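Report on the structure given below.
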Amino acid sequence: MNNKDLNVAQHMVAHCERIERYLNRCNNSLDEFMNDELIQDGVTMQLLAMGELTTHFSEEFKLEHPTEIDWRNFKQLRNVCAHRYGTLDYKTIWDIVIGELPQVKIFFEGIIKE
């Protein structure tokens, strides 16, 4: 793995950790998340940034890890966050950060340790 890919992986973990801090502020509660626009905005911005970062990984890196991350869907999530911001389904955002983000973080932490 080249230094650029390592740097991007470190940024991905940092964004995951920021999302975790946002979720801690709403006590990891769906009800509190759904009622706090600031936390919704913060989480969404981090997902947008992560989706953008996926375009900064080298093609070699993506080819080496074709199944660990759904690169296409990650980029699509970025586009939804950026272009449909006023109509986002925050329950879906919640499901993504609760159901998928922990594995994303674990994957990139493993990449960094290699």
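A short reminder: the numbers here are calculations on the coordinates, not readings from a lab. Quantities reported herein were computed from a predicted structural model and do not represent experimental measurements. Cβ atoms come from the backbone with ideal geometry, glycine included; neighbour counts cover every protein chain shown.
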>> As a test of the formula, what do you get for the chain when each DSSP H run with n ≥ 4 contributes -39,500 (n - 2.57) and the sum is divided by the residue count, at 222 nm and rounded to the nearest 500 deg cm²/dmol?
In response: -24000 deg cm²/dmol
>> At 7 Å along Cα-to-Cβ for each site, give me the label-to-label distance between ARG84 and ASN7 in nm.
In response: 3.3
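Could you list the trypsin sites (Lys or Arg not before Pro) in the range 38-114 that lie in coil according to DSSP, counting only those with at most 14 other Cβ atoms within 10 Å of their Cβ? Each step should come with its number before you reach the end.
Values: sites: LYS62, ARG72, LYS75, ARG78, ARG84, LYS91, LYS105, LYS113; in loops: ARG84.
In loop regions of the range 38-114 (DSSP not H, G, I, E or B), the sparsely surrounded trypsin sites (Lys or Arg not before Pro) are ARG84.
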>> Sorting check: for 28-36, 93-101, which peptide has the highest mean count of neighbouring beta carbons within 10 Å, and how do the rest follow?
In response: 93-101, 28-36
> Mind checking the angle between helix 71-83 and the chain's longest principal axis? C-alpha axes, 0 to 90 degrees, to the nearest 10.
Replying inline: 40
> What list of ³J(HN,Hα) values in whole Hz, one per residue of the range 99-109 in order, does the Karplus curve 6.51 cos²θ - 1.76 cosθ + 1.60 (θ = phi - 60°) give from phi, with Gly and Pro shown as x?
Replying inline: x, 10, 4, x, 5, 4, 4, 4, 4, 5, 5
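Using the reciprocal of the averaged 1/r over all distinct C-alpha pairs, how large is the Kirkwood radius of the range 3-113 in Å? List each step's numbers first, then the result.
Working: mean 1/r = 0.0702 Å⁻¹.
After inverting the pairwise mean of 1/r, the radius is 14.3 Å.
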